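Take a look at the structure below.
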Amino acid sequence: MNRFIAFLLLLSANSDARKFYNDDPLLREPKPLRVAKVQHHEISNMFDFLQNTFAPPGEKQSCARLIQGAAVNTLGEVPDSAWYHNQNTQSIPLEEIVRGPGNTNAPSLDAPWQILSAKTEGVTPGFQIKDAKGRKYLIKFDPPDNPELATSVDVISSRFFFAFGYYTPENYIVRFTRSQVAIAPNTTFRDPQGRKRPMKPRDVDDLLENVPKDKEGRYRAMASLFLSGDIIGPFRYYGVRLDDPNDVVPHEHRRDLRGLYVFAAWLNHTDAKSLNSLDCLVSEGDLRYVKHHLIDFGASMGSDSVETKRARAGNEYFVDLRPATARLLTLGVYTTDWERFRYPNIPGVGNFQAKTFDPEKWKSNYPNPAFDNRLPDDEFWAARKVMALRDEQIRAVVETGEYSDPRAADYITSVLIERRDKIGKAFFAKVLPLVNFEVRDGRLAFDDLNVLYNFAPARAYQAQWSTFDNQTELKHAIAGGNDFSVPPALAAAATGRYFSVDISASGDRKTMTVYLRKRGRDLDIVGIDRRW
Amino acid sequence: MKLLRRMIAGMLCLMAPLAAQVNSRAELIESERTTKARYLKGVEETRWTALAHSGLLLKIFDTLSAGKDGLRLRAGGLPPGTGFAAGPEYRHTFGNEAAIFRASARGTIGRSYLTDAELSLPRLAGEHLFLDFYAQRADYPRLRYYGPGPSSALAEAANYRLENTAFESSAGVKPLARLKIGVSGGYQVYNVGPGQSHDVVSADRLFSEVPGMARQTSFVRAGPFIQLDYRDNTGSPNKGGNYLLRYFTYSDRDLRQFSFTRIEGELQQYIPFFNERRIIALRAKSILSESHNGQFVPFYLQPSLGGAYDLRGFPAFRYYDNNALVLNGEYRFDLFTGVRMAIFADAGKVSGRRQELNFSGLKKDYGFGFRSNIGNSAGLRLDFAFSREGAQAWLAFDDAF
């Protein structure tokens, strides 16, 4: 079914081949088609793990043909869509990055919250509640031995992922007493033994029994505001939704999902899997479409939601045969630097560090088809956004975790800064990290991110200007066009003509091409291709 | 064919719009969406995909593993060497684990079986008191016996049948969360009969003089115990220790020939390093028996060594005598999540007299094994062990210690 749709889309795409259209680069995808009917589906945690570990789904990269990141514009950027919204992370004011997806809808304490359902699986309990204003929230708690561990990272990471452009829920740190929670009429409850029955006040007491309290005797929790729209289940990191006409790019090739690897690595969000995503059928006026969200960040940084993260997390998959074989053959003598690392004992932080963090070797808990398909330009796209975060922005977002131990915020901030810089160094080295192209004073100007972030000294680049045929994609070198000055011949070129500049550096096989289109007297940057 | 026809029809009706020119990137995207929209049937996934994600696997896993209330499959739990045991187990929890009831029936194809029931009240008086009741009926028709003492010969392997009915109870206090002090006692009926194995001779033919072989009796046993258990989890510990000292008086109620006292001591220590990726697990265990004036310890209540839980390089129940000492060391490391490897060495001995229980003349073995440890509980264990008496392979459903 997926292949058939892909085939049809291929036919459609080939019907009018040209590299650039007049509206390139597209900053926003066209309005989605109205979705009439979609199916709610579930994803089984165990099946998802087994499938991705032992029979990874989706189209994979091959040596013969690299599949470029898709759902991108001609500059390699991800346009605004139902998956993604662009934000310039560097220029986001502090109050805006702290606000994240929203900070004005914390659950009201004016009247007791009504418990609609409760989760008892696992070590930490959870509630679904309705507040006095009728808003619904998911309430989650910290592990008994690690107050502030999971609730903080859920709040912090939701803001970071929102800043990077993903749709995330509004998460709040809340404190309440036992009298703040009541049971809504007809609330049923599945007890720890799996029996479903009406919920009683005693059940609430039991659920709260192991929840850590603060000095004032209040419970601390994370309240996640329900997403708007009808919930239709998680998205998969491969294929497309068969019932959504707007979902035409296989997820394993979406740049926003491939690049998510870098953001997840930075935040050590090892549980970046389908089950921690959510599609909602949302309405905007007459329009109904599927909006895609990331949810549940309790297993990021040093937290694994119900306990501190184990040293393995972020370094090996649950089932990772290569290191397992090494340990088997050496009878356990083979060790890695992350196994030997000594974590600081800060209960609210858990096991999180930057010293042995290698951005290219980071791993989620089990393989993710989109992560596995990532290419250097997918990584570069994301790494730019991570590097754009300033120290004070990181600090401000970390403080939304409301740590009572000042060491926790200090430590996490310093680790995130160190991990950010490692990400920049690692992924800027894999392509020519030249950005911010514009024609200024008769020259093609740009910034070298390696120089901007002091990763490497400035170096010389070579340029070759060419005319570019938009239909055939053939290039013809322009005589004398071998530096960054705009060749004089371009002045006489007609509006709509295309030109390209091939950029290289001596001794480096990485190259890139910048495409320009004549508009009156101006030259607009319309495309960028990076090669490595 | 029906699907093929539908696909061809769909393609034909799509050809017209496909041929249309698009003049912008936005139009191109819209045309892709329109193309897909024409084909949609409102179905998101196949029945197989839906089934795979329906949670069926999780339900099967839950059924096979411990955790929730209800009926499930229980494997293992019979003495080593009796074969693979499995059967249904029912569990019911009252309140917030104020009381837990469990009952099971497990058997092997070799006709060994164990039925048991247990009621635990672990959280009395705010978790400061505990009370347990346990009852079992077991029949093991082919238990091995090699004769008493450390010098018993492998060639003299025999077998016997042991039937056992027991009612036990224990109660005590928990002055600290990790410390238990209590008393336990119960009534036990044993019946020893000819072994049913065709491979080796019945023990009553070779060892008719051994105490307990010919005459059967019942016991009342009682005694105090103290346990300090600060392991991080009891199923598959990574760190901490477990120290147990137990004293029992066995009183022969029928024959007045087999009364004795017993002291059991066990020390377990788990030493993690490299972020709990490596664990040194150590155990020292000793059982001392002292028969009352002129009486004997029946052979089936003597401590034994050999098998999946102590001297793994020796056959199950290889050595019996009044006293036993065993030392185990394991180096455990995760191969990957859920599968752990261990390299181990065991040493131990039995003796008739307490004074002979020392570190000389220990029987030794070594080996390696694999364990599945999902969550914090041990699953399957496969150990291969080697001693001067040959190689042994053990399949069990819990850790050796």
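Worth pointing out:
- Most to least packed among A:57-67, A:146-156 [average Cβ atoms within 10 Å]: A:146-156, A:57-67
- Scoring A:237-245, A:280-288 by mean Cβ neighbours within 10 Å over their residues and listing the highest first yields A:237-245, A:280-288.
- For a straight C-alpha distance cut-off of 17 angstrom, the aspartates and glutamates reachable from residue A:200 (same-chain residues fewer than eight places away being disregarded) are A:191, A:209, B:97.
- Distance between the stretch A:387-438 and the stretch A:70-94 - C-alpha centres, whole angstrom: 18
- In the calculated pair-distance distribution of chain A, the portion above 29 angstrom amounts to 57 percent of the Cα-Cα pairs.
- Counting, for every residue in B:335-342, the Cβ atoms of other protein chains within 10 Å of its Cβ and taking the mean gives 6.
- Along principal axes, Cα extents of the stretch B:151-242, largest first, whole Å: 52, 32, 23
- For the protein assembly as shown, share of DSSP beta bridges that run antiparallel, in % to the nearest 5: 95
- Per-residue ellipticity at 222 nm from helix content only, as computed over chain A with -39500 (n - 2.57) for each DSSP H run of at least four residues, stands at -7000 deg cm²/dmol.
- Centroid-to-centroid separation of the stretch B:84-129 and the stretch A:236-265 [C-alpha atoms, Å]: 47
- Sparsely packed loop sites in the stretch B:177-231 (the chymotrypsin sites (Phe, Trp or Tyr not before Pro) outside DSSP H, G, I, E and B with at most 16 other Cβ atoms within 10 Å) comprise B:230.
- Two tests apply to each whole DSSP H helix in chain B, Cα reach of 24 Å or more along its axis and mean Kyte-Doolittle hydropathy of at least -0.5, and the ones passing both are B:2-19.
- Using alpha-carbon coordinates, inclination of helix A:149-164 to the longest axis of chain A, degrees: 30
- Cα→Cβ-extended label distance, 7 Å offset, between residue A:179 and residue A:454, nm: 5.5
- Gaussian network model of chain B, springs between alpha carbon atoms under 10 Å - residue of B:115, B:82, B:34 with greatest fluctuation: B:34
- Considering only the Cα atoms of the stretch B:84-241, their convex hull presents on average a projected area of 12.0 nm².
- Phi to ³J(HN,Hα) by Karplus 6.51 cos²θ - 1.76 cosθ + 1.60 over the stretch B:169-181, Hz, x for Gly, Pro: 8, 9, 8, x, 10, 10, x, 10, 4, 9, 10, 10, 10
- With respect to chain A, whose longest principal axis is taken over its alpha-carbon atoms, helix A:45-54 is tilted by about 40°.
- Trypsin sites (Lys or Arg not before Pro) lying in DSSP loop within the stretch A:109-163, provided at most 12 other Cβ fall within 10 Å: A:133
- Of the beta bridges in the stretch B:48-396, as assigned by DSSP with both residues counted there, near 100 percent are antiparallel.
- Rg to Rh quotient for the stretch B:343-401, alpha carbon positions, Kirkwood Rh: 1.10
- Relative to the longest principal axis of the Cα atoms of chain A, helix A:376-388 runs at roughly 70 degrees.
- The stretch A:470-526 versus the stretch B:332-401: alpha-carbon centroid distance in Å: 72
- In summary, the lysines within cross-link reach of residue B:174, defined as a Cα separation below 22 angstrom excluding same-chain residues under 8 places away, comprise B:239.
- Calculated [θ] (222 nm, deg cm²/dmol) that DSSP helices of n ≥ 4 give over chain B, each run adding -39,500 (n - 2.57): -4000 deg cm²/dmol
- Of A:119/A:215; A:60/A:430; A:133/A:215; A:19/A:422; A:60/A:361; A:385/A:475, those spanning more than 23 Å from alpha-carbon to alpha-carbon: A:119/A:215; A:133/A:215; A:19/A:422; A:385/A:475
- Over the protein assembly as shown, the Kirkwood radius and the radius of gyration, each from Cα atoms, give a ratio Rg/Rh of 1.06.
- Over all projection directions, the Cα-based convex hull of the stretch A:375-532 averages an area of 11.5 nm².
- Using alpha carbons only: equivalent-ellipsoid semi-axes of chain B, gyration tensor based, whole Å: 56, 24, 23
- Given charges at beta-carbon only (K, R positive; D, E negative), |dipole| of the stretch B:48-396 in Debye: 360
Only the coordinates and a few stated rules stand behind these numbers; no lab work does. No experiment lies behind these values; they were computed from the predicted model shown. Heads up, the Cβs are rebuilt from the backbone with ideal geometry, glycines too, and the neighbour counts pull from every protein chain shown.
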